[in-house]
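Structure first, commentary second.
Computed from the coordinates by the stated procedures, all read-outs in this text should not be read as laboratory data. Since we're looking at a predicted model, the values are computed, not measured. Cβ atoms come from the backbone with ideal geometry, glycine included; neighbour counts cover every protein chain shown.
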Amino acid sequence: MTAPVYDFRSDNVGGAAPELLEALVTANAGTASPYGDDDHTRAMNARFTAAFERPVTALPVSSGTGSNAVALAALANPYGSIYCHESAHINVYECGAPEFYTGAKLVALPGRDYKLHADELDAALSLAGRGNPTRVQPFALNVTQPTDYGTLYRPAEIAALCEIAHAHGLKVHMDGARFANAIAALGCSPADLTWRCGVDALSFGATKNGAMNAEAVVVFDPALAASIPFRMKRGGLVLSKARYVSAQLDRYLADDRWIERARRANEHAARLAAGLGALPGVTIVAPVEINMIFARLPDAAVAALDAGPLRYYKLGREVRFVCRHDQEPEGIAALVDTVRAALGSPAPGRVPLRPG
Ligand SMILES: *Cc1c(COP(=O)(O)O)cnc(C)c1O
């Protein structure tokens, strides 16, 4: 037998949830109209409307990058800019897709805890040169919730950012690739985290939380949604057999399993962070609020991890561990024990008893 491999690279290394696979099998019966003109896509839209407590337009897509790109394109002007945090996925990990689809300049701002802050955004937008034809004209703010470093905006922080953005004439796009982890951690409703704060368009991720390549562009204003089918088709993003993505998302939101899965992933990460954070020489570099841990480890610990059955990503001096809804608990123990052994720390409970 080969030794088990514990994979902490990302939540997209995990499997699909059983009920979503069942939904695929059910959706497989018979024929359906192509390109999203099918009953599953209509049911999915009704489901999103119920989950978000207002009429929304939800379009099925297969990647978060595509979802971000068309959502931003729907908000774009032809001479514009998109404001985002410098660590944002759209700025770092999308090969310029947002710029490609929108023609916009990305303006990436720093900010503590990997987040944008309303006062700093206000100051930056005040210098943007609105109305000056030598300057790009800002049209969108991207808020990545949770952030790419696993930190969370509170609803009040999102509301404050939206208020500033709207006051400067920008629409707000939320990148919710790990939306479920935010909902589970904050205990608020989808509406409370989005349109009630002023968010105009949402990239709703499900793949990292147990779906099979299923994401949705969710738009809260029908006028903004009108151009998206055309932008998607021109961009090669319209799914011919949309029913398979729509059926998953319809089932995804049908009960609270999506939130329970995300909660499990978050809890695994909290346990892992507690175990690692207690070891001398280990620095957790960002607050662990969802299912991701960023840490700095002594070289000996990195060498020991690389020698063992553990997979994870290195980002420069930092390492990243992501926990999943289908995380093996033994993997967490294996990771902590490997680092502990490399650092020569005694295992808890195996501390020698004092005589007497
Ligand atoms: C994973 C991720 C995406 C993109 O998803 P893909 O499906 O890989 O294109 C977008 N934003 C964030 C914050 C992500 O973590």
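A simple packing score, the average count of other Cβ atoms within 10 Å per residue, orders the peptides 41-48, 12-19, 146-153 as 146-153, 41-48, 12-19, with the highest score first. Here's the list of lysines a cross-link from LYS105 could span, going by alpha-carbon distance under 29 Å and ignoring same-chain residues fewer than 8 apart: LYS115, LYS171, LYS208, LYS233, LYS314. With a cut-off of 14 Å between beta carbons, the residues surrounding VAL136 carry a summed charge of +2, where Lys and Arg count +1 and Asp and Glu -1.
Give the calculated FRET efficiency between TYR35 and ILE284 to the nearest 0.05, with a Förster radius of 41 Å applied to their Cβ-Cβ distance. For TYR35 and ILE284, the calculated efficiency is 0.35. Packing, taken as the mean count of other beta carbons within 10 Å per residue, orders the peptides 51-62, 24-35 from highest to lowest as 51-62, 24-35.
Neighbours of ASP39 by Cβ distance under 14 Å: Lys/Arg scored +1, Asp/Glu scored -1, total +2. Seen from THR65, the other residues with C-beta closer than 15 Å to its C-beta sum to a net charge of -2, counting Lys and Arg as +1 and Asp and Glu as -1.
Sequence-ordered 3J(HN,Hα) estimates for the stretch 264-273 from the Karplus curve with 6.51, -1.76 and 1.60 and θ = phi - 60° stand at 4, 4, 4, 5, 4, 5, 4, 5, 5, 5 Hz, glycine and proline given as x. 3J(HN,Hα) along the stretch 245-250: 7, 4, 5, 5, 5, 4 Hz, from the Karplus curve 6.51 cos²θ - 1.76 cosθ + 1.60 with θ = phi - 60°, whole Hz, x for Gly and Pro.
Under the rule of -39500 (n - 2.57) per DSSP H run of 4 or more residues, summed and divided by the residues of the chain, what mean residue ellipticity at 222 nm is obtained, to the nearest 500 deg cm²/dmol? Only helices count here, giving -12000 deg cm²/dmol. Think of the stretch 81-174 as a dipole: +1 on every Lys or Arg Cβ, -1 on every Asp or Glu Cβ, centred on the Cα centre; then among PRO133, ILE158, CYS95, PRO133 lies furthest on the positive end.
For the chain, rounded, prolate or oblate, judged on the Cα gyration tensor with a ≥ b ≥ c (square roots of eigenvalues), a/c < 1.5 rounded, else prolate if a/b > b/c? Judged from the Cα gyration tensor, the chain comes out oblate (a/c at least 1.5, b/c at or above a/b). If only the Cβ of Lys and Arg carry +1 and only the Cβ of Asp and Glu carry -1, the dipole of the stretch 18-252 around its Cα centre is close to 420 debye. Residue separation of ALA167 and LYS241 scaled by 0.36 nm, minus their Cα-Cα distance, works out to 22.6 nm of gained length. The string of couplings for the stretch 152-162 from the Karplus curve (6.51, -1.76, 1.60, θ = phi - 60°) is 10, 8, 6, x, 5, 5, 5, 4, 5, 5, 5 Hz, one whole number per residue in order, with x for Gly and Pro. Under the rule of at least 5 residues apart or a separate chain, name every residue whose amide H is placed under 5 Å from the amide H of LEU170. Correct list: empty.
Shape class of the stretch 1-128 from the Cα gyration tensor (axes a ≥ b ≥ c, square roots of the eigenvalues): oblate, since a/c reaches 1.5 or more and a/b does not exceed b/c. Global size of the stretch 263-316: 11.3, 32 Å for Rg and Dmax (C-alpha atoms, Rg to one decimal, Dmax whole).
For the peptides 314-327, 282-295, the ranking by mean Cβ contacts within 10 Å, running from highest to lowest, is 282-295, 314-327.
Against the main long axis of the alpha-carbon atoms of the chain, helix 329-343 sits at an angle near 60°.
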